[in-house]
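Single-structure report; data block below.
The values are calculated or read from the model by the stated rules, or taken from the named source; none is laboratory data. Since we're looking at a predicted model, the values are computed, not measured. Neighbour counts run over all protein chains shown; Cβ positions are idealised from the backbone, glycine included.
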Amino acid sequence: MSAQTLSKPLDATRLIADARRITVKVGSSLLIDSGREDVRRAWLRTLGADLAALRNGGKQLVVVSSGAVALGRGKLGLKRSARLDIKQAAAAAGQPRLMAAWDEAMGEAGIPTAQLLLTVEDTESRRRWLNARATIEVLLAEGALPVVNENDSVATEELRYGDNDRLSARVAQMVRSDVLILLSDVDGLYTADPSRDPAAEHLPLVEEIDARIEGFAGGAGSAGVGTGGMRTKIAAARIARGVGCATIIAKGQDPHPLRALGDGARATVIAACGSPAGAYKQWIAGTLTPAGALVIDAGAVRALLGGKSLLPAGVRRVDGEFERGVCLRVLDPDGREVARGLTAYTSAEAGAVQGYVSTLIADRLGYAGPDEIIHRDDLVLM
């Protein structure tokens, strides 16, 4: 259920209960013992138990986890440094340790984990974006927990998020999460830094992100191993809000942080605009510039109007040259636009399979591909 459709005041407990898909961001300041630069394993086991309980309750979960750089520093004996090559080396050494910790924590609940390392280019390029999303969808369907981190070992200074708050918002957008949970070292947004100002007021609900709200954000976290802070969390919430995903900023340092949220622990909820599906369809219909067109037959038009995907058998002509993942116009036999969507095939591939049933795609191309030219999830009627 969308946050906008709830008739009662928004709160974290109800958002989590109503969500179908949830993205959880775990920062270095929570995951890593800053004194030893090692994983807080006992704490992580409690978080793993919380994630398992949500999964057993019918939720689909994706985790965005920091910690590789800090763990790599501990493994290699490196000091903190602003040099990108040192951070990249630390990330390369620390990422296996990070995934081993997640695998151990989720293994106790019988949930397999899977690693995805993304860069800005992976979340901005439509082709890479679709490939990453397809990978996550398969993992979720198979009952695995995707654990996402920025690919620090290859990301350049100019093309990197630098913090996983904003990456988590892009991941939430990619998988169309209903809720993004940002676990922090504080229990939400305050009107001032509560560690310095005893008069600071907690904000349980933010319905709009404006200059006033942004002004309440402070600097980096207090634990000494993270790169984010409340400012990046508000930036992440702005991204999530725009794609129909509500954000919860909550304290995560104590054991069982997600269970505490479900029990009514204090947090800040930042409301979404609409629903993830609605925002995604609006993005396709109103933001992307079509790179080509597909002319389809009358039967395919009826199928689309009935909520079906566009199959190769219904395509009669392919117009333009395009790559996978771009937006295409879908035209009826008279040239009227009936839909727009993101293609799973290039123009050459689409031309090769047009008019053929999906079972013959591998024969026509020499390799297997999706059954659909445009999946219904990536298509909007005009």
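Per the listing A12, A49, the residue uniquely in contact with a His (Cβ under 8 Å, 6 or more places away or on another chain), closer than 30 Å to A272 by Cα, among the small types (G, A, S) and at pLDDT 90 or above is A49. Within segment 113-132, being over 23 Å from R55 (Cβ atoms) and either of a type in the set (V, I, T) or in contact with a helix residue (DSSP H, G or I) (Cβ under 7 Å, 6 or more places away or on another chain) (or both) holds for T119, V120, E121, D122, T123, R128, W129.
The set of residues in segment 71-86 being under 19 Å from Q115 (Cβ atoms) and out of contact with any Leu (no Cβ under 9 Å at 6 or more places or on another chain) consists of K75 alone.
Among residues of segment 306-320 being out of contact with any strand residue (DSSP E or B) (no Cβ under 7 Å at 6 or more places or on another chain) and in contact (Cβ under 8 Å) with a residue 24 or more places away in the chain, the one that is surrounded by the most Cβ atoms within 10 Å (Cβ to Cβ) is P312.
Within segment 312-335, is even one residue touching a helix residue (DSSP H, G or I) at 6+ places or on another chain (Cβ under 7 Å) and farther than 23 Å from L130 by Cα? Yes, the conditions are met somewhere in segment 312-335. Of all residues in segment 23-61, those being assigned to a helix (DSSP H, G or I) and farther than 25 Å from R133 by Cα number 10.
Of the residues examined, R127 is one that is touching a Lys or Arg at 6+ places or on another chain (Cβ under 8 Å), basic (K, R), farther than 24 Å from G35 by Cβ and assigned to a helix (DSSP H, G or I). Of the set (1) over 21 Å from I249 (Cβ atoms); (2) assigned to a helix (DSSP H, G or I); (3) modelled with pLDDT under 95, all apply to R80 but (2). Taking the conditions (1) without any contact (Cβ under 8 Å) to a residue 24 or more places away in the chain; (2) under 22 Å from V62 (Cβ atoms) in turn, D197 satisfies each one other than (2).
A277 meets all of the listed conditions (1) out of contact with any Pro (no Cβ under 8 Å at 6 or more places or on another chain); (2) aliphatic (A, V, I, L, M); (3) modelled with pLDDT of 90 or more but one, namely (3).
One residue stands out among those in segment 149-179 that are hydrophobic (A, V, I, L, M, F, W, C) and either buried (at least 18 other Cβ atoms within 10 Å of the Cβ) or under 21 Å from K59 (Cβ atoms) (or both): the one that is modelled with the lowest pLDDT, which is A155.
Only a single criterion out of (1) small (G, A, S); (2) more than 16 Å from A300 (Cα to Cα); (3) touching a residue at least 12 places away in the same chain (Cβ under 8 Å) is not satisfied by G355, namely (2). The listed residues are V171, V175, V148, and the only one of them that is in contact (Cβ under 8 Å) with a residue 12 or more places away in the chain, in contact with a Leu (Cβ under 6 Å, 6 or more places away or on another chain), on the phi < 0 side of the Ramachandran plot and not hydroxyl-bearing (S, T, Y) turns out to be V148. Residues in segment 249-287 that are touching a residue at least 12 places away in the same chain (Cβ under 8 Å), among the aliphatic types (A, V, I, L, M) and under 21 Å from R40 (Cβ atoms): I249, A250, L258, L261, A265, A267. Determine whether segment 95-104 contains at least one residue that is under 25 Å from A19 (Cβ atoms) and either among the small types (G, A, S) or surrounded by fewer than 16 Cβ atoms within 10 Å (Cβ to Cβ) (or both). The answer is no; no qualifying residue exists.
The condition (being touching a residue at least 12 places away in the same chain (Cβ under 8 Å), assigned by TED's automatic domain parsing to the domain that holds L294, out of contact with any Phe, Trp or Tyr (no Cβ under 7 Å at 6 or more places or on another chain) and not acidic (D, E)) is satisfied by just one residue among Y367, Y345: Y345. When each of V64, V69 is tested for being out of contact with any strand residue (DSSP E or B) (no Cβ under 6 Å at 6 or more places or on another chain), surrounded by 24 or more Cβ atoms within 10 Å (Cβ to Cβ) and not in a loop (DSSP other than H, G, I, E, B), the lone residue that passes is V69.
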